[in-house]
Amino acid sequence: MAKLEISNLTKNYGKVEVIKGVDLTVEDGEFVSLIGSSGCGKSTLLRMIAGLEDITSGSISIDGRVINDVEPKDRDIAMVFQNYALYPHLTVAENMGFSLHLRGVPKNEAKIAVEKVAETLGLTPYLDRAPKALSGGQRQRVAMGRAIVRNPRIFLFDEPLSNLDAKLRVQMRLEIKALQKRLGTTSIYVTHDQVEALTMSDRLVLLNGGQVEQIGTPMEVYKKPANIFVASFIGSPAMNLFDGILHRDVEQTFVTVHGNKILVPNCPKLTNGTKVKLGIRPEHLKYAATDSGNNIINMKVSMTETTGAETYAYGHFGDEAMTIKLNGEDAIKSGDKISLTVKTNLLHVFDYVTGIRINN
Amino acid sequence: MYMKNFKTVIGKTSLIFAVSLLLFWSLGPIYWSFVTSITPPNDLVSSELHLWPETVSFEHYGKLFGATSISQGNEVQSIWPQFSKAFANSLVTSIGATLLTVLIAAFGAYAFVRFTFPGRDILFYVVVATMAIPAYTVMIPLYRLMISLSLINTHTGVIFIYISAFLPLALWLMRSVYQAIPISLEEAAYLDGAGKTYTLMRIVLPLAAPGLIAAAILTFLNAWGQFMVPLVFSPTLATKPLTVLIPEFVTRNYIDYGLMNAAGIVAIAPPIILVVFLNKYLVSGLMAGSGK
């Protein structure tokens with residue numbers, strides 16, 4: 001168990017800067033996800049923590065000790081790789097006990113430790129098998145087991161579930177979370193799957209182009225995205241964004257979008273007539289009783305999809321594309337013209353140019 | 001339906017024909033050599049063609065292995081002392097060259113794949129490009145070099161030449177073997193607490209075993225079949241291998257076909273045994289199970 005501090009960390013490959021001054025503190029026992037699209041630097045950051053990539057500048061420290069120049073083998077960090085990286089010529093037990101063997105743990109002690117972890121992961125019947133005789137999910141467990149047996153200070157996960165099928169992924173997600181809570185080991189989890197990040201993490205770190213866009217709890221990130229990037233990355237379907245003009249009078253602040261007046265939370269910093277982006281999550285739009293008045297969005301539906309429990313409708317408000325998420329039972333079809341409303345406190349106002357969130 | 005069957009028949013027939021041709025091409029000479037080795041000397045010069053000798057005789061093998069033997073009606077000294085010495089020379093130089101080549105290739109190729117140093121790729125291609133240089137062009141400078149090093153007519157000298165000749169191929173082969181091993185396996189080992197050398201010995205080399213064995217087979221077969229290098233650098237029986245000894249059975253007045261072929265048949269035994277034995281370890285799919 002350990003506290004991890006990353007300070008002004010950068011990484012260059014030649015002239016290309018892939019990590020641009022990242023600051024992050026992971027508290028002891030915390031589960032933090034690094035999330036972002038491909039090439040955002042999340043895996044590179046994880047590999048830098050592991051010691052598999054050199055640090056260009058800045059520092060990484062564990063419990064106050066800078067580990068920039070410490071060899072991976074001496075960092076006491078365990079990592080679960082995306083492709084599991086099991087040693088194919090060793091049995092499951094040997095794979096799991098490899099690190100103990102290296103540390104000179106007596107054979108019978110190591111055997112007990114491996115058996116104990118194997119039991120919690122349901123791997124006991126497979127201890128003498130070669131990895132190739134296991135299914136994908138079982139290999140994934142062995143990779144986890146190999147990390148757990150060592151009782152390391154920090155766990156690193158590099159998209160460990162991306163090779164599993166959907167059902168198994170949900171199951172393993174729950175297992176990893178439960179296991180981490182039980183062991184209380186500081187964990188850093190890299191994923192591009194927002195559902196994994198939102199459901200598993202204590203906090204998540206959104207990365208974009210090698211920079212941190214926002215750090216926060218899943219709810220903070222969902223409810224108060226710091227900017228348009230975060231707003232459109234977190235949430236599925238993605239947040240609707242409309243161009244609008246901010247108006248302010250004595251009683252209220254509102255944004256006009258395609259002639260409709262949408263009351264928004266107070267935006268103290270903005271002056272009357274400023275161009276803004278108005279964000280509305282698809283799940284926050286509800287059917288309206290009327291088709292005019294405040295906070296009304298008039299949508300022309302062009303396509304619908306249903307998953308049974310939910311129905312997604314795609315269409316336009318004015319000339320801007322939008323999506324809504326409705327109950328699966330709602331009868332809606334393409335060509336429909338519907339009126340929707342949204343509560344003021346669920347709205348997001350972003351600066352038109354910088355994309356930064358304006359309302360509280 | 002009829003056309004489909006017809007096509008299948010044609011396909012199969014062609015395949016069988018092609019395989020038969022290939023087998024005849026590669027095994028035919030060996031068969032002929034074997035038949036010659038068990039044909040009595042007098043029958044060898046008969047004008048009729050026999051695919052199998054009318055009488056089987058081990059006379060030639062007797063000449064090879066016996067203390068004395070009959071040659072053209074006279075009792076003569078057996079050539080066993082020469083033959084066994086040359087056989088041993090062949091084994092020493094081939095095994096020595098194979099072990100050293102594979103050892104150097106195992107570590108050298110790893111460095112070419114996993115270490116970064118200036119001119120790495122250029123250096124590698126230069127080494128591999130030496131395979132394109134005809135051996136004859138370096139023969140004279142090499143001879144002078146070996147004289148100055150006092151390595152003429154020594155096993156060490158021949159082994160050195162073999163290594164320099166066969167190492168590029170082994171390096172090339174091992175390089176692609178290492179490139180196929182996911183680096184995450186090594187990274188996992190580092191994080192598990194293993195150093196670079198330990199990881200290489202315990203994780204990488206076992207996984208590269210099929211490649212190492214293939215490199216060993218290629219090097220051994222190349223070394224075993226060498227004629228020109230030992231012809232020049234192994235002038236006496238102290239180091240002369242079988243490939244050089246056997247043609248010496250041609251004398252001014254008489255070519256001992258039977259003896260040559262008997263010796264040839266014995267000489268192909270070690271490579272066959274080696275390939276059969278090592279082939280067991282040449283299993284493919286050793287990497288299966290490491291990943292998804």
What does the charge add up to near A:SER37, with Lys and Arg as +1, Asp and Glu as -1, over the other residues with Cβ less than 15 Å from its Cβ?
-3
Relative contact order for the range A:192-342, counting Cα pairs under 8 Å that sit 6 or more residues apart, in percent
17 percent
Based solely on C-alpha atoms, express the radius of gyration and the Dmax of the range B:2-76 in angstrom.
20.5, 69
Taking the alpha-carbon set of the range B:80-291, what are its Rg and Dmax in Å?
20.2, 73
May I ask for the equivalent-ellipsoid semi-axes of chain A, computed as the square root of five times each C-alpha gyration tensor eigenvalue and listed largest first in whole Å?
46, 25, 15
Mean residue ellipticity (222 nm) of chain A, computed from DSSP H runs ≥ 4 via -39,500 (n - 2.57), nearest 500:
-7000 deg cm²/dmol
Need one number: nm distance between label points at B:VAL92 and B:SER78, each 7 Å from Cα along Cα→Cβ, rounded to one decimal.
2.2 nm
With a length cut of 24 Å (Cα positions projected on each helix's long axis) and a Kyte-Doolittle mean of at least 1.0, go through chain A and give me the DSSP H helices that pass.
none
How crowded by other chains is A:273-283, given as the mean number of beta carbons from other chains within 10 Å of each beta carbon?
0
Consider all pairwise Cα distances in the range A:1-159 and report the whole-number % of them above 20 Å.
54 percent
Over all distinct Cα pairs, what is the inverse of the mean 1/r for the range A:173-233, reported as the Kirkwood hydrodynamic radius in Å?
12.3 Å
Let me have the relative contact order for chain A, percent, based on Cα pairs under 8 Å that are six or more residues apart.
15 percent
Nearest-ten-degree value, helix B:257-267 long axis tilted from longest Cα axis of chain B
30 degrees
Volume per residue of the C-alpha convex hull in the range A:305-349, rounded to whole Å³
103 Å³
Taking the dipole of the protein assembly as shown about the Cα centre (Lys, Arg +1; Asp, Glu -1; charges at Cβ), the one of A:ILE324, B:ALA188, A:PRO160 that reaches farthest to the positive side is A:ILE324
First select every other residue whose beta carbon is under 13 angstrom from the beta carbon of A:LYS3; then total the charges, Lys and Arg +1, Asp and Glu -1.
-3
Report, in degrees rounded to the nearest 10, the 0 to 90 angle that the Cα long axis of helix B:155-179 makes with the longest principal axis of chain B.
50 degrees
What FRET efficiency comes out for the pair B:ASN5/A:ASP319, r = Cβ-Cβ distance, R0 = 56 Å, nearest 0.05?
0.30
Rounded to 10°, Cα long-axis angle of helix B:80-114 versus longest principal axis of chain B
20 degrees
Taking +1 at the Cβ of each Lys and Arg and -1 at the Cβ of each Asp and Glu, which of A:THR344, A:TYR13, A:THR199 sits farthest along the dipole of the protein assembly as shown towards its positive end, judged by Cα position relative to the Cα centre?
A:THR344
Rg/Rh of the protein assembly as shown (Cα atoms, Kirkwood Rh), to two decimals, equals 1.18
Computed over the range B:80-291: relative contact order in percent, which uses C-alpha pairs under 8 Å that are six or more apart
34 percent
Please work out the Kirkwood hydrodynamic radius for the range A:257-360, using every pair of different C-alpha atoms, and report it in angstroms with one decimal place.
14.6 Å
As a footprinting exposure proxy, order B:SER20, A:SER162 by other Cβ within 10 Å, with the fewest listed first.
B:SER20, A:SER162
Stick to the Cα atoms of the range A:200-303, pair each with every other, and give me the Kirkwood hydrodynamic radius in Å at one decimal.
15.5 Å
Less than 12 Å Cβ to Cβ from B:GLN82, Lys/Arg counted +1 and Asp/Glu -1: what total charge do the surrounding residues give?
+2
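Bear in mind that the values in this text are calculations on the coordinates, not laboratory data. In this text, all values refer to a predicted model and were calculated from it rather than measured experimentally. When we count neighbours, we look across all protein chains shown, and the Cβ atoms used for this are built from the backbone with ideal geometry, even at glycine.
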